[in-house]
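The structure appears below as structure tokens.
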Amino acid sequence: MTNIVLRVENLTKRFGKTTAIRDVSFKIKTGEVVGFVGLNGAGKSTTINSILGFICPSDGEIEIFDQLSTPTNAFKSHQQLGFASGDMALFESLTGEQYLSFALHQYKIRDRSRLDELIDIFKPELAKKIGDLSRGNRQKVALIAAFMASPKLVVLDEPSSGLDPLMQQRFLELVRAEQERGTTIFMSSHYLNEVVDVCTRIILIRSGQIVRDFPAKELSIEGGKTVRVVSRHKLPGLKGAEDVKIEKTARGTDISFIYKGSTASLQAWLGGLPQLVDFSVSDNTVEMALEDLYEKESS
Amino acid sequence: MRNLFLKTIYDKRWFIFGWSLGMAFFAYIMVIFYPTFNSGGLVQSMLKGMPKEWQGIIGNLSDLTHLSTYLASQMFNIRMPMFISVMAIILAGGLTAGEEDRGLLRTLSALPLSRGRIFIHKWLAAVAISAITMVALIIGTYIGSWQIGQSIEFKTLMILSGLLLLMTVALMSVIFAIGTATGRRSLTTAVGTIIAVVSFVLTTFAASVDWLKSWDRLSIFHYYPAPDIARGTVKLSDWAVYAVVIVAVLVVSFVIFRRRDLNG
């Protein structure tokens, strides 16, 4: 057995005349936490649905644990695969406890210790019917179900939507802990900060095609800082400044730019400026960095 | 709730309770009205005055002389199949396309459950629910007959209920098959309703409208001749038709369901 947990090869899915994804290929190794990022309609869910065997690929192959996966036999890999999505439908007439117990039986697991650990982390309301639960509590139940069988591979589609900030934090801690245990995680998320926070690798999808596959740490470096300086004097140039915008105001010349160089050089440059009226330095958000990436890839 | 079959039965517990109660009550009411129908007088003269075309709905007046033939013509014939068709459409449509519409089929498929197992457990649960309501119908019939001090032959009631169950399972399997093969709720409900209504019209009016007689074979109710069964005529071919329909639609839909894209 190789250390490739998931292999997607030239995956294409067409719905009638529309091609949702085209020639999507990637491999995920054991223990990787991979963020699958793209705008709405980029093809994230179609790729995930194909991986899980919910839909049948028009072309291409999916291998999970070295076995070719199709809608007919996908259930075999699900014995070692957990899944949760942000909009996951759960059986509303069951209580959270009943649903988790039913799901646990399908994995043929009698030991509840892992389930109890997860209940302790998320503290969901298990005695209530799922139909009466808030969205956040339903999401907790879905996440517990995804991790309770200690799967080797966890596929998550917008997993933390609906969770409050505290629970979102607990979820990220769980992902880190799972990574230490050697679990492989493939997750799409709209919260890009959490992708950067926990993922080791990011796959960027745009208009149904993979446009970039890179280590997550590159994203924070590429993000850089936004620097804004207001001065009445002419300013010296700064190496590494990009996207410079200059505006004359009553307070002086207002200059803003993106800086991707070293912090020490920026500090030295700011220290040497005469009679500053105002200045600010802020980290670029991951969203800005991704937008930047998107623009670069499309150009 | 160790498996999907038991979970489905649990999920549908209020549906089972409601329909069982309704069937038992309907049977009970029909039985306790028997003395009124049987005593001649106003009801019989009213029935005699009805047009010939309505004979299919009213039934043969000679059938009113015995409880078993009365029940066969007034309850098991047409009325109960129509009543049960509504149940079959709601049940089979809800378990298949209804759950798929709500995304629940994907939730089940994310577990280590094969599509084949999902298909079989859901179908078996629908059959079990139909059987439970049929038992309620038998209980209601017996309670009513006990109250009016009349007896109904056990064998006749079992054959009437047994073939009615098979007819229900056949109709339910057709709707189930459309639901699992397409995942489209509106289509499933529409086809189920069309089958029930067209069958009702064909079987009801074929008795008195000559040109409809040849079309009556297309009706799912045609193979459930309740008055004939009560008079002692049991045709194995009727049972065979339902069995063939069940097997055929299930095999085709099973093959499609295992390979198709899931909605939701």
Taking first residues from segment A:82-101 that are more than 9 Å from every other protein chain (Cβ to nearest Cβ) and second residues anywhere that are open to solvent by 10 Å² or more (accessible area, probe 1.4 Å) and polar (S, T, N, Q), the pairs with Cβ under 6 Å that are 6 or more apart or on different chains are A:86/A:161
What residue, of B:221, B:257, is within 30 Å of residue A:87 (Cα to Cα) and surrounded by 15 or more Cβ atoms within 10 Å (Cβ to Cβ)? B:257
Among the residues of segment A:22-75, write down those that are within 14 Å of another protein chain (Cβ to nearest Cβ) and part of a strand (DSSP E or B). A:64, A:67
The number of residues in segment B:1-41 that are more than 10 Å from chain A (Cβ to nearest Cβ) and not in a helix (DSSP H, G or I) is 3
So is residue A:204 part of a strand (DSSP E or B) and surrounded by fewer than 23 Cβ atoms within 10 Å (Cβ to Cβ) or not? yes
Based on this model, can you work out whether residue A:115 counts as facing another protein chain (nearest Cβ under 10 Å), buried (at least 19 other Cβ atoms within 10 Å of the Cβ) and either over 22 Å from residue B:102 (Cβ atoms) or among the acidic types (Asp, Glu) (or both)? no
Sole residue being over 21 Å from residue A:44 (Cα atoms) and modelled with pLDDT of 95 or more, chosen from A:156, A:166, A:118, A:143: A:118
Which listed residue, of A:60, A:38, is at pLDDT below 95 and surrounded by 17 or more Cβ atoms within 10 Å (Cβ to Cβ): A:38
Here is a check on your reading of the model: is residue B:105 open to solvent by less than 20 Å² (accessible area, probe 1.4 Å), part of a loop (DSSP other than H, G, I, E, B) and within 14 Å of chain A (Cβ to nearest Cβ)? no
Residue list for segment B:170-214, filter: closer than 23 Å to residue B:236 by Cβ and open to solvent by less than 10 Å² (accessible area, probe 1.4 Å): B:170, B:171, B:172, B:173, B:199, B:206
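The values are calculated or read from the model by the stated rules, or taken from the named source; none is laboratory data. Computed from a prediction, not measured in an experiment: that's the story for all the values here. Positions of Cβ are generated from backbone atoms using ideal geometry, with glycine treated the same way; all protein chains shown enter the neighbour counts. These accessible areas exclude ligands, DNA and RNA; they are computed on the full protein's heavy atoms, side chains included. Shrake-Rupley method; radii C 1.70, N 1.55, O 1.52, S 1.80 Å.
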